[in-house]
Structures are given as structure tokens and as C-alpha cells.
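Let me begin by presenting the structure, written as C-alpha cells, before commenting on it.
The values are calculated or read from the model by the stated rules, or taken from the named source; none is laboratory data. This one's a predicted model, so the numbers in the text were calculated from it and none came from an experiment. Using ideal geometry, Cβ is built from the backbone for each residue, glycine included, and neighbour counts are taken over all protein chains shown.
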Amino acid sequence: MAARKPRLILWGASTPRTLRAHWMLHELGLDYEKRPIGPRTGETQTPEFTQLNPRQKIPVLQDGELTLVESAAIITYLADTYGGLRAWCHPPFLWSAPFTTSGASSS
């Protein structure tokens, strides 16, 4: 049986913003394909990459048919979609109900 191809593809390497996305994918334990292209190397100017991000910037995350750019959007999407806990990215005042790690709500 052939290995299943990861649904997630992260384009980019060697920048702090790209590192954020790699770090979040690692923290969430997600299997993903790495496309380690660098900035200012011409790799972001290929027709294939320009179709993904016309601004020719990294990082870019593909999740199936969805393509996201900008590291803040990528890590928020990953946390919301795969994180399981509301505590990943959103401050408490945005939660609709009280949240505690013990599962009990405070009165």
C-alpha cells in the first residue's frame, strides 16, 4: 500500500515568519510536506509559486484546495482547524463561555 501524501504543504524556509508556521505544524503534530524555498532566490518567482501567491512571498500553506498566505493567518487557521483547544490563539475575552483547564466553569 502506498504512503498517503500529506494534505498540508508549507512553502518556505529560512525566515522568521516561515519558522512560525513550521513551529505550529510541529507543535500540533501534523504531517506535512515541506517545500523549502527561500526568499530573494528566484524560487518565489516561478510560475507555479506565483500562481499560489502573486505577491511572491513566503510562507504559503496549502491545505487541500485552500491556500493561505501570511504567517499570522496560517498559524491562526492551523490552531482553529487542528488545535482542539481554544487557548491556542484567542484571548479569553473572545471566548463565548468560560474556559478552564480542569473542565469546571467558575461562577
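Details
- So GLY83, is it surrounded by 15 or more Cβ atoms within 10 Å (Cβ to Cβ) and at pLDDT below 90: yes
- THR67 at pLDDT below 90 and not in a helix (DSSP H, G or I): no
- Per-region count, region 21-47, residues surrounded by 13 or more Cβ atoms within 10 Å (Cβ to Cβ), outside any loop (DSSP other than H, G, I, E, B) and not hydroxyl-bearing (Ser, Thr, Tyr): 8
- LEU78 vs. criteria under 18 Å from LEU10 (Cβ atoms) and modelled with pLDDT of 55 or more: yes
- For beta carbons closer than 7 Å, sequence separation of 6+ or different chains, a first residue in region 68-82 that is of a type in the set (Gly, Ala, Ser) and a second that is surrounded by fewer than 17 Cβ atoms within 10 Å (Cβ to Cβ), the qualifying pairs are SER71/ARG17; SER71/ARG20; ALA79/TRP88; ALA79/CYS89.
- Search result, residues across region 21-51 that are under 18 Å from LEU78 (Cβ atoms) and of a type in the set (Lys, Arg): LYS34, ARG35
- Those residues of region 48-63 which are part of a helix (DSSP H, G or I) and touching a helix residue (DSSP H, G or I) at 6+ places or on another chain (Cβ under 9 Å), in sequence order: PHE49, THR50
- When residues of region 48-69 are limited to those that are more than 14 Å from TYR82 (Cβ to Cβ) and among the charged types (D, E, K, R), the one surrounded by the most Cβ atoms within 10 Å (Cβ to Cβ): LYS57
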